[in-house]
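Input: a single structure, listed below in structure tokens.
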Amino acid sequence: MTEEVLPSTCSARGCDAPARWALLWNNPKIHTPDRRKTWLACDVHKDSLSDFLDRRSFLREVEPFSG
């Protein structure tokens, strides 16, 4: 039996576009400094999702995603 691999999609609400970016973040109030959580973003939502995390001082890195 083989598992079906589903394409990774953007984390923006209602968006089903393929992810092109990984936004690595953590909340310093609850995560250790080395912990990274990931939101995926398409080209259209990369800036808005990054801005959302950055305004809260959560954004750590943005890197290309190929999943």
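The values are calculated or read from the model by the stated rules, or taken from the named source; none is laboratory data. Computed from a prediction, not measured in an experiment: that's the story for all the values here. When we count neighbours, we look across all protein chains shown, and the Cβ atoms used for this are built from the backbone with ideal geometry, even at glycine.
Looking at the structure I just gave you, is LEU40 of a type outside the set (D, E, K, R), touching a Lys or Arg at 6+ places or on another chain (Cβ under 8 Å) and at pLDDT 95 or above? If you could, list the steps in order and put the result at the bottom.
On the way: of a type outside the set (D, E, K, R): yes; touching a Lys or Arg at 6+ places or on another chain (Cβ under 8 Å): no; at pLDDT 95 or above: yes.
Answer is no for this residue.
Return the residues of segment 58-67 that are exposed (fewer than 12 other Cβ atoms within 10 Å of the Cβ) and under 16 Å from PRO28 (Cβ atoms); say none if nothing qualifies. Talk me through it step by step, then tell me what you get.
At the first step, the residues of segment 58-67 found to be exposed (fewer than 12 other Cβ atoms within 10 Å of the Cβ) are 61, 63-64, 66.
GLU61, the sole residue that qualifies.
Could you look through segment 29-67, keep only residues that are under 17 Å from ARG13 (Cβ atoms) and aromatic (Phe, Trp, Tyr), and pick out the one that is nearest to the chain's Cα centre (by Cα)?
The qualifying residue nearest to the chain's Cα centre (by Cα) is TRP39.
So, of the residues in segment 17-28 that are modelled with pLDDT of 95 or more and more than 10 Å from the chain's Cα centre (by Cα), which turns out to be surrounded by the most Cβ atoms within 10 Å (Cβ to Cβ)? Walk me through how you get there before you give the answer.
Within segment 17-28, the first condition is being modelled with pLDDT of 95 or more, and the residues that meet it are 17-27.
Of the ones still in play, those that are also more than 10 Å from the chain's Cα centre (by Cα) are 17-18, 26-27.
Details: ALA17: 15, PRO18: 15, ASN26: 18, ASN27: 12.
Checking each candidate, the answer is ASN26.
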